[in-house]
Every structure is written in structure tokens, then in C-alpha cells.
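Working notes for the structure below.
The values are calculated or read from the model by the stated rules, or taken from the named source; none is laboratory data. Since the model is a prediction, treat every value here as computed from it, not as a measurement. All Cβ positions, glycine included, derive from the backbone under ideal geometry; neighbour counts span all protein chains shown. To get the accessible areas, we keep the full protein, side chains included, count just its heavy atoms, and leave off ligands, DNA and RNA. Shrake-Rupley method; radii C 1.70, N 1.55, O 1.52, S 1.80 Å.
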Amino acid sequence: MEMIRNYINGELVPPVGEQYLDNHNPATGKVYGQLPDSDERDVKQATEAALHAFPAWSKTPRNDRARIMMRLADLIEQNLDALAMAESIDNGKPVSLARVVDIPRAAANIRFYATGIMHYASEAHNMEDTAINYTLRDPIGVAGCISPWNLPLYLFTWKIAPALAAGCTVVAKPSEITPLTAFKLSELAIEAGLPAGVLNIVHGLGPKVGAAITEHPEISAISFTGGTATGKTIARIAAPMFKKLSLELGGKNPNIVFADCDFDEMLTTTMRSSFANQGQICLCGPRIFVERPVYEKFKTAFVEKTKQLKIGHPQDKNTKMGAVASESHMEKILHYIALAKEEGGTVLAGGHRVHMEGELAGGWFIEPTIIEGLSYDCRTNTEEIFGPVVTIMPFDTEEEVLKYANATSYGLAGTVWTRDLKRAHRVAHQLHSGIVWINCWLLRDLRTPFGGVKASGVGREGGFQAIDFFTEPKNVCIRIA
Ligand code: NDP
């Protein structure tokens, strides 16, 4: 049994209440470990440790903060195999994906902000002969970081790295569904020499631990990635306390295919943007709009390729599709497939739970699923499913596809496939979303603003904007005349 402990004040400790939750392996459906079922008492201890550590950490020269963070990034890389295996067991994702995406990106996040803080500067504004303004940027204090289960270590480090680099101390909560790599990170943080209390990780349930972090009066900011409904709850609690909020929420992204695109490249990438990580990436493109002249060609090729996608043991290095993260999530996805049929959709590929054999018999696997024949504004096409389920739809004009694409309350990302440069720009400008990819998908430069509009969130992560979030500007004006 893998026993997870909280990481508070530099030590791995059991929860105050001594209660534990079962941790499941999605590929087998079986319990393989336990994690703390922490509550507000653990959050209180973690916050006290973070408050105590803040003055020294915020005054530690940025060079020295960076050096410790670089050590942590190195340790993540040195433990790549073990961390990738842990992520695969905990989340159900193929270990091959965790090896090339999740874990390298976790190290990259930490290295990016460890070096980024050395280049971070603030502004000065000269008022001709009258005055000079300069702006100080101080770390905000204790930051609360709450992350989801789909890219566990990747998204966890994407939050805590800029916070630590900025000089904040952190109380963090990974998802209760995938706590393992965050626990392993706490062991590596100790090994890297991170001072006690600088990073505190409290495991447990969202409505208990997440809520206690959100409500704690000494936690000055909440950086949250997760579902829109949870984001609303957090905003409702945090707003009257005037906490800084960064909310990275759900998506229902359009993938727009014009007839003049590079068809083969589009098809290969669309396979990934539809089904990578079992479709459980907020940036996946589950609504695929295809210009009518290539619709039938696309449909035939896409369905054929999808039917060839083999679901397998997540820990087999050749597997491309693994299990979905939890039983309740599997039920939610199956519910949406049933809804799509009720709404008049035709299932062209997949549509069912997969019953594997042997040790995987109880695992939570779903076939990659393609649905056709739905209206652009039905529930299946406007609500987030967050699984290996996509819909395809033909369109005739640019105006029409923009209407379809913008018809959801979400606005995270969009993809456009065309060789017409002017059209690419036109469509990109008119999409209601925070991110647009043209002739590519998930090509990420960590310096760029990352986040969504409408129900996909508030604020941007990435680049210096994340450091801006974890610091408070103070303008100083000096009269010189
Ligand atoms: P949830 O909103 O259910 O959970 C996210 C985190 O919030 C978890 O750690 C969860 O804990 C915690 N939480 C739950 N309830 C509360 C609460 N009342 N107060 C504070 N914290 C709480 O999302 P999922 O984990 O299901 O993740 C999937 C969602 O995340 C999808 O909607 C997806 O689109 C979105 N997402 C967005 C991304 C973006 O960058 N915009 C990137 C990746 C995912 P626990 O797990 O214990 O319930």
C-alpha cells in the first residue's frame, strides 16, 4: 500500500484527524494506497508554517531561490521513470505520455520560473522634469494553489513554480483523485533543500481542504485550475475577502477544418487533439467543424483511424489510450454518450465502456467515440464532457462556422486548419477564446499568456503574467522639481 502523507513545515506528516481516503488505480479499479483525508486543522497548520517561512523566503536573494528550484527540477528529471510510472498508475494515462509530456513539463515549469525570476523587472515612468515613478513588486504572501487530476504534476508545478520564484510561500492541494506525484514532489523538495514551510502540500477532498484554503484569511491569493462550477464556488467565497484570483476553468474547444488545409497533418493532429490523455485535456478540441467539400473524406479517414486506436494497459509502453481517471468520471462520460443519442446523434465509432481482461477487468476504460448529426447548440455540443468523445459537423461558410464555434459559454482555446493566411487571421480574431492554434495544436511556449475567456476563467498564467499574479505592485512617485 502506497501511504501518502501531508508535507507541512518541511516534514511528511499524517493528517491531524488521522483519517484516510482510498486511492484507486483507474486501470484496475482497485485500491492501491491511501491519502490523508485532511481538514481545516491541517490547512491551519500548513498556513501557519507558510506564514512563518514567508519573511525569510521572500528576502532570500532570487539567485538563491532559483538555485534551490533548479535542484528540484534536476531531481524531477533524475526520477523521470519513477514519476512517470506513478502518474500512470495514479491517473490511468499511458506511461509513454507521462514520460514525454507530464514529467518533463513539470521539470520545465520549475526551471522556467527559476530562471524567469532573474529576468523579471518592474517599470519606471518618467514625468519629464517633474517626477519619476518606479514600481516595486513584492510577493503577496501565502498563496493557495489548487489543481486538478488530468495533468497532475504538470499543472501542480505550473502554479507553485511562479509562486515560489516570486518569493511567496505556498499552501497547495493536488486533486484527491491523483495525489501521488505531488507526494513524491514533497519528498524531492526536502532533498532539494527547500526551507521548511516554503511549500506545504495538504491532501484531501476539495470541499474540505480546498474550501479551507479558499476561506483562510491569511492566504492572500488563490490560483485554481479545475471545473467551472468549482471556480464559481471559489470566486463566491474569495471575492468578498478581496483575494487575488486566477481561475483556469473548463473548455469546449472548437477544431475548425477548412477544405484547403494540409489534410494529412490535420488528421494526425486531430487524432491527438481529440483523444490524447483520453480526451482529458482542457485544450482538447471535442467539437470538430469540417468544411463540406472535405467532410466525407475526413469522416471516413477519422473514423477508420479512431477504430484502430488500441486501448491498453497504461503501464505498457506501447499503449496510446489508457483508462479515464475515476469511476464517477467514467459514468459522467457514458451519460453524455447516452445524451448524445437522445439528442439525435449517430455514433460512428466507439460509444461504450471497454471491459478488459485479467487484472484490468475492473478498470475504467472508454472507447474513443465519434458522434455525428447533432445541432451545434445542443447540450452535447455546449457542455464539457472531458473524455474521449468528439462530435463532427459540416459547415459551408466562415460566418456559419464562427457562429457554431462561439456558441458555448466556454472560451479557452480553438484550432484552425487552413492554408489561407488571411482567413486564418480573420477567424483567429473572431474566435471567442484565450488561445488559438493555427495549423497546430498544443504547441506551447511557456512565455505566452495562458487562459480563457467567458466561463473558461479569469486571468492568465504563463510568462511574467504568472509572476505578476503572485506579486503586488506598489508605485513610488518622487518629485524631482
Ligand atoms: P474540479 O473543479 O472538480 O477540481 C479541481 C480541484 O479543486 C481539485 O483539487 C478538487 O479537489 C478541488 N476542489 C473541489 N471542490 C472544491 C471546493 N469547493 N473548494 C476548493 N477546491 C475544490 O475539477 P477536476 O479535478 O474534475 O478537473 C477537471 C476540470 O478541470 C475540467 O473542467 C477541465 O476543463 C479543467 N481544467 C482546466 C484547465 C485550464 O487550464 N483551464 C486545465 C486542466 C483542467 P478534489 O479532487 O479533491 O475534489
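Of the residues making up the range 126-160, those that are touching a Phe, Trp or Tyr at 6+ places or on another chain (Cβ under 8 Å) and more than 15 Å from the ligand (Cβ to nearest atom) are Arg137, Pro139, Ile140, Gly141, Val142. Scanning the range 355-384 for residues that are more than 16 Å from the ligand (Cβ to nearest atom), open to solvent by 30 Å² or more (accessible area, probe 1.4 Å), not hydroxyl-bearing (Ser, Thr, Tyr) and not in a helix (DSSP H, G or I) yields His355, Met356, Glu357, Ala361, Gly362, Glu367, Glu372, Gly373, Asp377.
Residues are listed down the side, and each one gets a yes or a no for (1) open to solvent by 10 Å² or more (accessible area, probe 1.4 Å); (2) under 20 Å from Ser326 (Cα atoms); (3) not hydroxyl-bearing (Ser, Thr, Tyr):
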site: Ile190; (1), (2), (3): yes, no, yes
site: Ala196; (1), (2), (3): yes, no, yes
site: Pro240; (1), (2), (3): yes, no, yes
site: Ser246; (1), (2), (3): no, no, no
site: Gly250; (1), (2), (3): no, yes, yes
site: Phe258; (1), (2), (3): no, no, yes
site: Arg287; (1), (2), (3): no, no, yes
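If the condition is being polar (S, T, N, Q) and more than 17 Å from Thr169 (Cβ to Cβ), then the range 215-238 contributes Thr225, Thr228, Thr230, Thr233.
Out of all the residues in the range 76-114, which are among the aliphatic types (A, V, I, L, M) and either open to solvent by 20 Å² or more (accessible area, probe 1.4 Å) or modelled with pLDDT under 95 (or both)? Spell out how you get there, then give the answer.
Taking the range 76-114 and keeping what is among the aliphatic types (A, V, I, L, M), we get 76, 80, 82-86, 89, 95, 97-98, 100-101, 103, 106-108, 110, 114.
Selection gives Leu80, Ala82, Met85, Ile89, Leu97, Val100, Val101, Ala108.
Filtering the range 164-185 to residues that are among the polar types (S, T, N, Q), within 16 Å of the ligand (Cβ to nearest atom) and open to solvent by less than 10 Å² (accessible area, probe 1.4 Å) leaves Thr178, Thr181. Is the range 308-319 home to any residue that is assigned by TED's automatic domain parsing to the domain that holds Thr415 and in a helix (DSSP H, G or I)? Yes, the range 308-319 contains a residue that is assigned by TED's automatic domain parsing to the domain that holds Thr415 and in a helix (DSSP H, G or I). Contact map, the range 307-321: residues that are on the phi > 0 side of the Ramachandran plot paired with residues that are crowded, with 17+ Cβ neighbours inside 10 Å and in a loop (DSSP other than H, G, I, E, B), Cβ distance under 7 Å, separation 6+ or inter-chain. No pairs are found. There is at least one residue in the range 399-413 that is more than 26 Å from Glu248 (Cα to Cα) and either more than 28 Å from the chain's Cα centre (by Cα) or within 16 Å of the ligand (Cβ to nearest atom) (or both). Looking across the range 109-125, the residues that are away from the ligand (no atom under 16 Å from the Cβ) and of a type in the set (S, T, N, Q) come down to Thr115, Ser122.
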